[in-house]
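Notes to accompany the following structure.
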Amino acid sequence: MSGRLRQSGDPNGHDVTATQPNPAPSTGRDGKGASARRLLASIHDVSPRSHSAVDALADRLQGHLGGAKFAMLVIPDHWREAPIAGNAAFHARLREWADQGIEMFLHGWCHRDETPATGRLAQIKGQHMTAGEGEFLSLSQVEAARRMREGKTLLEDILGKPVAGFIAPAWLYGPGALAALNEVGFALAEDHMAVWAPGQAGTERRVVSRGPVVTWASRSPGRIRSSLGFAALARHTLPVLRDLRVAVHPGDVTVPALLTSIDATLARFARTHRPSRYAELLG
Ligand SMILES: [Zn+2]
């Protein structure tokens, strides 16, 4: 979708000057510069309803990245129609993926924005950028923290280890969600333009990577076209950055042109950037 690709300004109202991309370090004769360049890939919207598409995407990513060097974003109850609680078969699958080394992020609770849009900005973002998928855009801090804690506990009980972090649906965080992130305590979070370590115990958040995420949308012919255009541009222009981020969605597997574009983008980025785990950004 075009909203995910929007490059002008920071969609979350942060100071844009504070989120300018990091330039890539120059590659010295010893080649050490190349290893400092990272490729971070993720599969969004992992839930029982997307199981087979996620399997197909995971195979595809492993092929390009040379192993399970990517993340999955898990939704505890997608649209309140696909609860992972009580689904033992899916729990086993999540553990298998995590045991392979795939990083598991909590990705909202239900993914859908269920609050009435009040402010003009919330209305614009919720309706035009996300088609109502910005679950954490309008939540109060109390409600955002409640859903984060519940999801974190659920997922960590299933996995038997801490989640890698929290990423809001459609990368949209309202003020309540940002405050709740600091309160609940996650190692990492990200939006369209940055990855950061949320502040804890009153400390400020720490941005650990800057630069736009490359993603695709399968929802309509217009959005498919714009994502293909942005990915083609990204293949040429973004490799100057230190870190590259790529995000794929279950719906991408239904559009062959998107899969071709995803393949071309991962192949190009993996040539100059080392497939990495998000946790390395904290090192
Ligand atoms: Zn999502």
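Lys and Arg at +1, Asp and Glu at -1: add these up for the other residues within a Cβ distance under 12 Å of T153 and post the number. Taking every Cβ under 12 Å from that of T153, the sum is +1.
Suppose R0 equals 45 Å; then what is the FRET efficiency for D55 and H236 from their Cβ-Cβ distance, rounded to the nearest 0.05? Walk me through the intermediate numbers first.
On the way: r = 31 Å, r/R0 = 0.69.
The formula returns an efficiency of 0.90 here.
Restricting segment 34-104 to trypsin sites (Lys or Arg not before Pro) that sit in a DSSP loop and have at most 12 other Cβ atoms within 10 Å of their own Cβ leaves R80. Stretching the chain fully between Q100 and A264 yields a gain of 56.6 nm (0.36 nm per residue, less the alpha carbon separation). Neighbours of F90 by Cβ distance under 13 Å: Lys/Arg scored +1, Asp/Glu scored -1, total 0. Extending 7 Å from the Cα toward the beta-carbon at both R219 and N87 defines two label points whose distance is 2.2 nm. For G199, the residues whose amide H sits under 5 Å from its own are R205, R206, ignoring neighbours fewer than 5 places away on the same chain, with H placed 1.01 Å from N. Summarising the amide proton neighbourhood of G108: residues at separation of 5 or more, or on other chains, whose placed amide H is nearer than 5 Å comprise I167.
Subtracting the Cα-Cα distance from 0.36 nm times the residue separation, let me have the gained length for T272 to E204 in nm, one decimal. Write out the running numbers ahead of the final one.
On the way: separation 68, 0.36 × 68 = 24.48 nm, distance 3.23 nm.
Extra length from T272 to E204 when fully extended: 21.3 nm.
The calculated FRET efficiency for E143 paired with A257, based on their beta-carbon distance and R0 = 30 Å, is about 0.15. Between E280 and R80, full extension at 0.36 nm per residue minus the direct alpha carbon distance yields a gain of 68.7 nm. Comparing Cα centroids, segment 61-96 and segment 185-244 end up 21 angstrom apart.
Indicate the gyration tensor shape class of segment 177-239 (rounded, prolate or oblate), computed on the Cα atoms with a ≥ b ≥ c the square roots of the eigenvalues: a/c under 1.5 is rounded; otherwise a/b larger than b/c is prolate and the rest oblate. The shape class here is oblate.
Values quoted throughout were computed directly from the atomic coordinates according to the rules given, and no laboratory measurement underlies them. Here the structure is a predicted model, which is why all the values come from computation and not from measurement. FYI the Cβ positions are ideal-geometry reconstructions off the backbone, even for glycines, and counts take in every protein chain you see.
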